[in-house]
Amino acid sequence: MVEDEIPHLSITVDDKDINAGALDVLQEIRPLWRKEDVELKLLTDGITNKLVGCRHKDEDEAETVLVRIYGNKTDLLIDRKAETRNILLLSKLGLAPHLYATFQNGLAYQFVPGCTLTHQTVTEEHIYRLVATRMARLHKVQVPNQHTPRPFIWNKVQSFLDLVPDVFTDTNKHTRYIIIIYKNASSNFQIYRFQGLKIPKALLQAELHYLKRVLDEPGLPVVFCHNDLLLGNVVYTQEKNCVTFIDYEYAAFNYQAFDIANHFLEFAGVEDADFSRYPSEELQRNWLCIYLEEFKGNFGAEDIDRLLREVNRFVLVSHLFWGIWALIQTEHSYIDFDFLGYAAVRFEEYFTRKEELTSSGKLPR
């Protein structure tokens, strides 16, 4: 099996002492590095995972090893064996950093010099040209023994929804959760009440059924996707004028339009999400033109129009997906982040965009 190509270490890194755990990992994969010669730096205290940069004082920056520690209960959301297989496959194709080892609650991989994107840099043409081209190359990846793949998104959203508790452990969070759903679904509330649905989880279930019914059309391109191309998962290396995608936790076959829509929505950022930053139609068309040039070669205006229409419908799936994801994190994560507030923002955007699309006739009610 491909995941057997790298070592798996019987090490569990303590979330409260990640430096010591990172050194234990290094002892196995860099045995010649003395602990006292290693510089450790917490590169990001992310909203799900923690990342430590480990650099020997006598080595170049390019030799830095990254040790990523998974967040609490994230194995409920992510297939770690599939993640490992994906990284190994994409690494061989030059589309992902090299993976050095996995351990019980994380992995160690190659450092890519550069800067992650911001909501300012992602709109710069020379940057988004690189991103669009890179995504197109990823979407052309052929996975062994996958001849007629199905999009993972519907089963994934359903599995996420199944993990959302009917009642949150924290009563204050549960009360706030109910208010959030009622507020954002207010225009639909009478419909759901008439149908006898138990608010609020059943309301989300009904929205998932709606999206699958109206979007799961025959013939929509299904390709190998990143599925989580937020700005922090794109590294720009100025010296080489290239971008690298990292963190392939959700990589899988999915609708082409979802991956693009999801990336466009990430222009908003996460911690202070502002969806007014969603790219203008002009920027979207420029981006899609660059993408199709790499993905298809020969394309016309109708190809851009079709893909633009699909992308702007699949923004709904992204909002619902990450809104439900945030509800799971609300219950399980130890990270100091307002996941429930993030869910509220995503659901508000979901219902706003849904109303716009249905009112304009771009989606049925």
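The values are calculated or read from the model by the stated rules, or taken from the named source; none is laboratory data. Because the structure is a prediction, the values reported are computed rather than measured. Because the Cβ atoms are built from the backbone with ideal geometry, glycine has one as well, and the counts that use them run over all protein chains shown. Protein only, heavy atoms only, side chains kept; ligands, DNA and RNA dropped before computing areas. Shrake-Rupley method; radii C 1.70, N 1.55, O 1.52, S 1.80 Å.
Could you list, in sequence order, all residues of region 131-162 that are of a type outside the set (Asp, Glu), open to solvent by 60 Å² or more (accessible area, probe 1.4 Å) and not in a loop (DSSP other than H, G, I, E, B)?
Within region 131-162, the subset of a type outside the set (Asp, Glu) is 131-161.
Narrowing the set further to residues that are open to solvent by 60 Å² or more (accessible area, probe 1.4 Å) leaves 137, 140, 142, 144-148, 150, 155.
Listed by number, the residues that qualify are ARG137, ASN155.
Does region 101-118 hold any residues that are surrounded by fewer than 18 Cβ atoms within 10 Å (Cβ to Cβ) and in contact with a Phe, Trp or Tyr (Cβ under 6 Å, 6 or more places away or on another chain), and which are they?
GLY114, CYS115
State all residues of region 321-359 that are farther than 19 Å from LEU230 by Cα, open to solvent by less than 20 Å² (accessible area, probe 1.4 Å) and polar (S, T, N, Q); if no residue qualifies, say none.
Passing the criteria: THR330, THR358.
I need the full set of residues from region 30-44 which are assigned to a strand (DSSP E or B) and either aliphatic (A, V, I, L, M) or in contact (Cβ under 8 Å) with a residue 40 or more places away in the chain (or both), in order please. Steps first, answer last, please.
Of region 30-44, the ones assigned to a strand (DSSP E or B) are 38-44.
Across region 30-44, the qualifying residues are VAL38, LEU40, LEU42, LEU43, THR44.
Hey, could you check region 211-246 for residues that are over 17 Å from ARG134 (Cα atoms) and basic (Lys, Arg) and say which is surrounded by the fewest Cβ atoms within 10 Å (Cβ to Cβ)?
The selected residue is ARG213.
Go through the residues of region 90-98 one by one and say whether even a single one is part of a helix (DSSP H, G or I), in contact (Cβ under 8 Å) with a residue 60 or more places away in the chain and open to solvent by 80 Å² or more (accessible area, probe 1.4 Å). So that I can check it myself, show each step before the final result.
To start, the set of residues in region 90-98 that are part of a helix (DSSP H, G or I) comprises 90-92.
With in contact (Cβ under 8 Å) with a residue 60 or more places away in the chain added as a condition, the list becomes 90.
Subsequent filtering for residues that are open to solvent by 80 Å² or more (accessible area, probe 1.4 Å) retains none.
No: zero hits.
When you scan region 287-302, do you find a residue that is among the polar types (S, T, N, Q) and open to solvent by 50 Å² or more (accessible area, probe 1.4 Å), even just one? Reasoning before the result, please.
So in region 287-302, the residues among the polar types (S, T, N, Q) come out as 298.
After this cut, where a residue has to be open to solvent by 50 Å² or more (accessible area, probe 1.4 Å) as well, the list is 298.
Yes: region 287-302 contains one or more residues that are among the polar types (S, T, N, Q) and open to solvent by 50 Å² or more (accessible area, probe 1.4 Å).
Going through region 119-130 one residue at a time, which ones are open to solvent by 60 Å² or more (accessible area, probe 1.4 Å) and within 18 Å of the chain's Cα centre (by Cα)?
Correct list: HIS119 only.
Are there any pairs, at least 6 apart or on different chains, whose C-beta atoms fall under 9 Å, with the first in region 114-125 and within 20 Å of GLU282 (Cβ to Cβ) and part of a loop (DSSP other than H, G, I, E, B) and the second open to solvent by 50 Å² or more (accessible area, probe 1.4 Å) and charged (D, E, K, R), and if so, which?
HIS119/ASP274; HIS119/ARG277
Can you tell which of ILE127, ILE47 is β-branched (Val, Ile, Thr) and at pLDDT 95 or above?
ILE127
Just to be sure, is GLN195 loosely packed, with under 14 Cβ neighbours inside 10 Å and either at pLDDT 90 or above or under 20 Å from the mean Cα position of the chain (by Cα) (or both)?
When the stated conditions are applied, GLN195 does not pass them.
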